[in-house]
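Visitor: Below you will find the structure I want to go over with you.
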Amino acid sequence: MTKQSWGYLEGWISIVLNTALFAVKLRVGAICGSIAMVADAWHTLADSLTSAVVILGFWIAARPADDRHPFGHGRAEPAAAIVIGTLLAVVAAFFLHESVMKLARPGRFPAAHFNRLAVCVFLGSALLKEALARFSIWAGGKIGSGALIADGWHHRSDAVASALIVAGVFLAGVRWWLDGALGVGVSLLIAYAAYDIIRSAASVSMGEAHSPDLERRIKGIIAAVAPEVTDAHHIRAHKYGDHVELTLHLCFPPAMTIEEAHAVSGRIKHALRRELGVEPTTHLEPSGAAP
C-alpha cells in the first residue's frame, strides 16, 4: 500500500467508527440523563473531524508538483499534524479544566449512576478507540506520518475519557477525588503528546537537519561508486513529504577535466537515486578550493 492509501484507510475507518459510536453514545446518554456521557459522545464525533483533516492532508500531499510548488505538496502532511496536535491540546485543556473543577468543587459533579447498558457501551467504546489508536500510531510509524500518529493520540484521548466514565461508576463512591486526580494526570499526558506532535511536525516544516546516519550512507555510496572523489561536503537534504531534494559538493583532483568530473558526478547521482530515492544536485570543485 502507498503512503496515501494508509492515510485514507485510517481516516475512513475512523470516520465510520466514530460516527457510529457517537450515535450510540448520544442515545444512551439521553436515556440515562447523563451530561458526561453526552459530552463524551460529542468528543467522539470531534475525532471524525480530525480524521477528515488527515484525509485532506494526505490528498493535498499526493498532488503533483506545479509551477507554484515545484517540489510537490508533501509538506501538507506535517501541516495536518500541526492542526491535529492543536486540536489535541484543546482537548487536554478541556479535560484539565474539568478535572480541576471536580477536585475544587466536588459537589458540583455528583457521582454518576449508569445502568449496565451504559457501562457496556462506554467500556466497549474505550476498547475500540484504544484499538484504533494503536492501529493509527502503528501505521503512522510504518509510513513516517506525524498526522496519523497525532490522530492516534486523539483516538486514545477519547478512549481514556470513556474509560474514566466507567471508572467513575465504580470508584467515585470509594474515593471522591480519584476521578479528578486521574483526569489531571491524563490531561497532562495528552498535553505532552500534543506538544511532541506539534514540535516534531513544525521541525519538519521549518527544514530540520538531516540525520548523521543519512550523511554516512551518502558518503558510503560515493566512496563505493566514485573513489575518484576526494571529499563530499555541504550535504543538505530538503524534505517535501516523500520527495527529498539532496544537494552536495564533490571535490575532484585538480588535474581531472570537467568532462571526467561531470561523468563521475552523473554516476554518483544515479546511485543516490537508486539507493536512497532522492533527487540529487551536485556542485563540482577541485580539491583544496575554498568553500
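The values are calculated or read from the model by the stated rules, or taken from the named source; none is laboratory data. All values reported here derive from a predicted model rather than from experimental measurement. All Cβ positions, glycine included, derive from the backbone under ideal geometry; neighbour counts span all protein chains shown.
Visitor: Any idea which of Val90, Val121, Val38, Val53 is in a helix (DSSP H, G or I) and modelled with pLDDT under 80?
Guide: Values: Val90 fails: modelled with pLDDT under 80; Val121 fails: modelled with pLDDT under 80; Val53 fails: modelled with pLDDT under 80.
Unique residue meeting the criteria: Val38.
Visitor: Would it be correct to say that Leu272 is of a type in the set (A, V, I, L, M, F, W, C), at pLDDT below 90 and closer than 25 Å to Pro286 by Cα? Let's see the steps before the verdict.
Guide: Numbers: of a type in the set (A, V, I, L, M, F, W, C): yes; at pLDDT below 90: no; closer than 25 Å to Pro286 by Cα: yes.
No, not satisfied.
Visitor: From the list His73, His43, His69, which residue is surrounded by 14 or more Cβ atoms within 10 Å (Cβ to Cβ) and farther than 27 Å from Lys142 by Cα?
Guide: His43 is the lone residue from the list that is surrounded by 14 or more Cβ atoms within 10 Å (Cβ to Cβ) and farther than 27 Å from Lys142 by Cα.
Visitor: Based on what the data block shows, is Gly85 modelled with pLDDT of 80 or more, part of a helix (DSSP H, G or I) and small (Gly, Ala, Ser)?
Guide: yes
Visitor: Let me confirm something: among Val16, Val28, Val100, which residue is aliphatic (A, V, I, L, M) and touching a Gly at 6+ places or on another chain (Cβ under 9 Å)?
Guide: Of Val16, Val28, Val100, the one residue that is aliphatic (A, V, I, L, M) and touching a Gly at 6+ places or on another chain (Cβ under 9 Å) is Val100.
Visitor: I'm checking my understanding of the structure. Among residues of the range 14-29 that are of a type in the set (A, V, I, L, M), surrounded by fewer than 18 Cβ atoms within 10 Å (Cβ to Cβ) and in contact with a helix residue (DSSP H, G or I) (Cβ under 7 Å, 6 or more places away or on another chain), which one is modelled with the lowest pLDDT?
Guide: Quick first cut of the range 14-29, residues of a type in the set (A, V, I, L, M) only: 15-17, 20-21, 23-24, 26, 28.
With surrounded by fewer than 18 Cβ atoms within 10 Å (Cβ to Cβ) added as a condition, the list becomes 16, 20, 23-24, 26.
Now narrow it down to the ones that are in contact with a helix residue (DSSP H, G or I) (Cβ under 7 Å, 6 or more places away or on another chain): 24, 26.
Details: Val24: 91, Leu26: 84.
By that ranking, first place goes to Leu26.
Visitor: In addition: Give me the residue from the range 245-278 that is within 12 Å of Ile222 (Cα to Cα) and small (Gly, Ala, Ser) and, out of that set, surrounded by the most Cβ atoms within 10 Å (Cβ to Cβ).
Guide: Only one residue tops the list, namely Ser265.
Visitor: Out of the residues in the range 207-230 that are under 15 Å from Leu246 (Cβ atoms) and of a type in the set (D, E, K, R), state the one that is modelled with the lowest pLDDT.
Guide: In this case the residue turns out to be Glu208.
Visitor: I need the full set of residues from the range 197-206 which are at pLDDT below 80, surrounded by fewer than 20 Cβ atoms within 10 Å (Cβ to Cβ) and out of contact with any Lys or Arg (no Cβ under 8 Å at 6 or more places or on another chain), in order please.
Guide: Those that are at pLDDT below 80, surrounded by fewer than 20 Cβ atoms within 10 Å (Cβ to Cβ) and out of contact with any Lys or Arg (no Cβ under 8 Å at 6 or more places or on another chain): Ser200, Ser203, Met206.
Visitor: State yes or no: is Ala193 under 26 Å from Ala65 (Cα atoms) and either modelled with pLDDT under 90 or in contact with a Gly (Cβ under 8 Å, 6 or more places away or on another chain) (or both)? So that I can check it myself, show each step before the final result.
Guide: Details: under 26 Å from Ala65 (Cα atoms): no; either modelled with pLDDT under 90 or in contact with a Gly (Cβ under 8 Å, 6 or more places away or on another chain) (or both): yes.
Criteria not met by Ala193.
Visitor: I'd like to verify a number: residues in the range 98-112 that are modelled with pLDDT under 60 and surrounded by 12 or more Cβ atoms within 10 Å (Cβ to Cβ), how many?
Guide: Within the range 98-112, residues that are modelled with pLDDT under 60 and surrounded by 12 or more Cβ atoms within 10 Å (Cβ to Cβ) number 3.
Visitor: Could I ask something else about it? List every residue pair whose Cβ atoms lie under 7 Å apart, where the two residues are 6 or more positions apart in sequence or sit on different chains, the first residue falls within the range 91-106 and is under 22 Å from Thr50 (Cα atoms), and the second residue, located anywhere, is in a helix (DSSP H, G or I) and aliphatic (A, V, I, L, M).
Guide: Note: pairs meeting the criteria are Val91/Ile190; Ala92/Ile190; Ala92/Ala191; Ala92/Ala194; Phe95/Val186; Phe95/Ile190; Leu96/Val184.
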